[in-house]
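A quick write-up on the structure given underneath.
The values are calculated or read from the model by the stated rules, or taken from the named source; none is laboratory data. This is a predicted model, so every value here is computed, not measured. Note that each Cβ is placed from the backbone with ideal geometry, even for glycine, and that neighbours are counted across all protein chains shown.
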Amino acid sequence: MQYYSLGKQSPNVDFKTAAITGQAPDKGLYFPTTIPQFTFEQIERFKTLDKASLAFEVMKPYVGGTIDDASLQQICAETIHFDFPLVPITETISSLELFHGPTLAFKDVGARFMSRCLGYFSKKAAAENGSAANTKPSTVLVATSGDTGGAVANGFLGVDGVQVIILYPKGKVSPIQELQLTTCGQNITALEVEGSFDDCQAIVKDAFMDAALNAAYNLTSANSINVARWLPQQLYYFFAWQQWVANNGDAIPMNIVVPSGNFGNICAGMMAKASGLPLGHFVAACNANNVVTRYLQTEKYEIHKAVATVSNAMDVGNPSNFVRILEIMQNNFEQLKNSLSSYSYDDIVTESTIERIYKANHYTLDPHGAVAFLAAEEFGKQFGKPAIILETAHPVKFPEVVERAIGETIAIPTSVQFLLDKEKVAIPMGASFGSFKNWMLSIAAEQ
Ligand SMILES: *Cc1c(COP(=O)(O)O)cnc(C)c1O
C-alpha cells in the first residue's frame, strides 16, 4: 500500500513515511493509492468478529507491511481497549458513545494508534542504528482547544523515542481537560499560552516552517491529517455496525450523523463505506462554522475565520480533511450530495437541546452531541429514517454549558477521578512564535 499526496507534487510513500512526516513535502494530505475492498464473505464474518481481530483486519491493508503482524495485532488491541456502546436515546436516534476511552473523547482511538505506530518505528530505527543514542527522538508538536491535547498526551505517555509538546490557550479549556493535559509528566510537556487557540495553532505552524527548529528537532504533527490518526477512526464505524446489525438485522441501513470540525472523523467513516462496509447516509453536523453545509447548498467553498461556539472542538473555518472526502467522491459534486448531507446550528438551540433531551429522554448530551442530535432529528423529519449520532466527548468535559442547560452538576466518571488529586504542571508561554522558539532552542541546548 502506497500513499500519494493530494497536492500531486510529491512522490508516493509507504505508511511508515506518511505516519512519521504527517504531511507531504508539497503540503498535500496523504491518501491511499487504492482503497482496500472487503469481500461479501469478509463483511459477513465481520458481523460477529471480536473487536481486536476486526481492528487488525481493517488496519492491516493500510499499514501495508510496514509493521509486522504480531506488533500490529498488539497495537490494535491496545488502541480499542474500551467500550463503544450504541445506546438508544429516542425510538429512532441512538448514540454511539465514543467517550469511554482514557481521556473521554473519540480522539483517544486515533491518538493511541498513532502513538504506538511512532513508538514502533522509533524502536525499529534505534535497533537498526545499533543504539537509541544515535537516533534523534521525534518531537510531536500539537496545538489544542481541549480534546486533542489530552488524547495525544495520554496516547503518547511513556512511548520511548517520542517527546510531546502541547500548546493550549490559558483559561480556555475546561478543568478536566486542563488536568488531562498538564499532569502526565514523563515525555509530555504542556505549555500554557497567553492567548487563543488560533495563537497556539499559528505558533505550531510557524515551528514546522522554521529552519533552526527543524535542525534541532525531528518535528512531527499529531493532528488529524496524519494517516496514523485519521485511518483508525474507521474502526468505530465497524463496531457501531456490528451492534446495529445485531439489533436491527441488515435490511435497515445505518445512517450516521457526525459532529464535524476538521472532518477527519466523518471522512474515516466514508472510507469505511468505500471499502465495502454497508453503511447508510452520512450527515455532517456543524455549529456556526458551516463551510461544508453551505458548500452542499451552493457548490461554493468559502472558508472563513473560525468563530467561537459552545461546541469548540468543531470551531474550524477551513476543514483540512474535506479534500479527502472530495477524493473519495472522485470530485463529483452529485455523487457527494447523494452520500453526504449537512446541517448547521447555533449555540442557543444547541444548549436548549441539551436541556430538552435531558428532561424528555434522561440522556445527557455534550454540546457536540447536541449539534449531532439536532441534525439527526432534521434528517429524520426530512427522510423518515432512523440514524445514529456519534457522541464524541463526555459531557463532563464541557461542564459550564451542560450544567447550565440541565441545572445539575455532572458526576465525574470514576475513571478520571484520580486526576483531581494531581498537580497541574505547565510552562507559561507568551503568545508569540519568538518566545516559543527561544524556549525550544534553550531546551535543545540543555539536552
Ligand atoms: C475533534 C472533535 C470533533 C470534530 O472532529 P473532526 O474529526 O475534526 O471533524 C467533534 N467533537 C469533539 C468532542 C471533538 O473533540
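Restricting attention to the stretch 404-447, report how many residues are β-branched (Val, Ile, Thr), closer than 26 Å to residue 354 by Cα and out of contact with any Phe, Trp or Tyr (no Cβ under 7 Å at 6 or more places or on another chain). Adding up the residues that qualify gives 5. Restricting 55, 125, 111 to residues that are touching a Gly at 6+ places or on another chain (Cβ under 6 Å) and either away from the ligand (no atom under 16 Å from the Cβ) or closer than 16 Å to residue 229 by Cβ (or both) narrows the list to 111.
Pairs meeting the criteria (first residue in the stretch 326-339 and more than 15 Å from residue 281 (Cα to Cα), second residue aromatic (Phe, Trp, Tyr) and crowded, with 18+ Cβ neighbours inside 10 Å, beta carbons under 7 Å, at least 6 apart or on different chains) are 327/31. For the stretch 31-41, indicate whether the set of residues that are more than 16 Å from the ligand (Cβ to nearest atom), in contact (Cβ under 8 Å) with a residue 40 or more places away in the chain and closer than 30 Å to residue 358 by Cβ is non-empty. The answer is no, given that none of the residues of the stretch 31-41 is more than 16 Å from the ligand (Cβ to nearest atom), in contact (Cβ under 8 Å) with a residue 40 or more places away in the chain and closer than 30 Å to residue 358 by Cβ.
For the stretch 210-239, the set of residues classified as under 17 Å from residue 391 (Cα atoms) and away from the ligand (no atom under 16 Å from the Cβ) consists of 238, 239, listed by residue number. Hey, does the stretch 242-255 have a residue that's within 16 Å of the ligand (Cβ to nearest atom) and either closer than 26 Å to residue 335 by Cα or outside any loop (DSSP other than H, G, I, E, B) (or both)? No, because not a single residue in the stretch 242-255 is within 16 Å of the ligand (Cβ to nearest atom) and either closer than 26 Å to residue 335 by Cα or outside any loop (DSSP other than H, G, I, E, B) (or both).
May I ask you to list the residues in the stretch 202-231 that are assigned to a helix (DSSP H, G or I) and in contact with a Leu (Cβ under 8 Å, 6 or more places away or on another chain)?
203, 204, 207, 208, 212, 213, 216, 228, listed by residue number.
Only one of 282, 197, 208 is under 19 Å from the mean Cα position of the chain (by Cα), farther than 30 Å from residue 41 by Cα and not β-branched (Val, Ile, Thr). Can you tell me which?
When all the criteria are applied, what remains is 197.
So is residue 35 within 18 Å of residue 279 (Cβ to Cβ) and surrounded by fewer than 22 Cβ atoms within 10 Å (Cβ to Cβ) or not? Yes.
Considering the stretch 165-197, and only residues there that are among the β-branched types (Val, Ile, Thr) and modelled with pLDDT under 95, the residue that is nearest to residue 429 (Cα to Cα) turns out to be 173. Listed conditions (1) over 13 Å from residue 228 (Cα atoms); (2) more than 16 Å from the ligand (Cβ to nearest atom); (3) not aliphatic (A, V, I, L, M) are all met by residue 66, apart from (1). Within the stretch 285-333, if we keep just the residues that are charged (D, E, K, R) and within 12 Å of the ligand (Cβ to nearest atom), the residue that is farthest from residue 258 (Cα to Cα) turns out to be 324. Being more than 29 Å from residue 305 (Cα to Cα) and in contact with a strand residue (DSSP E or B) (Cβ under 9 Å, 6 or more places away or on another chain) is the filter here, so list the residues in the stretch 187-215 that pass it. Hits for the stretch 187-215 are 187, 188. Of the helices (runs of 4 or more DSSP H) lying entirely inside the stretch 355-447, those containing at least 2 residues that are in contact (Cβ under 8 Å) with a residue 24 or more places away in the chain and either in contact with a Lys or Arg (Cβ under 8 Å, 6 or more places away or on another chain) or more than 16 Å from the ligand (Cβ to nearest atom) (or both) are 367-383, 399-406, 433-446. Which one is farthest from the ligand (Cβ to nearest atom), of the residues in the stretch 256-284 that are polar (S, T, N, Q) and modelled with pLDDT of 95 or more? Looking at the filtered set, the residue picked out is 275.
Looking at the stretch 263-305 only, could you name the residues that are closer than 30 Å to residue 57 by Cβ and acidic (Asp, Glu)?
none
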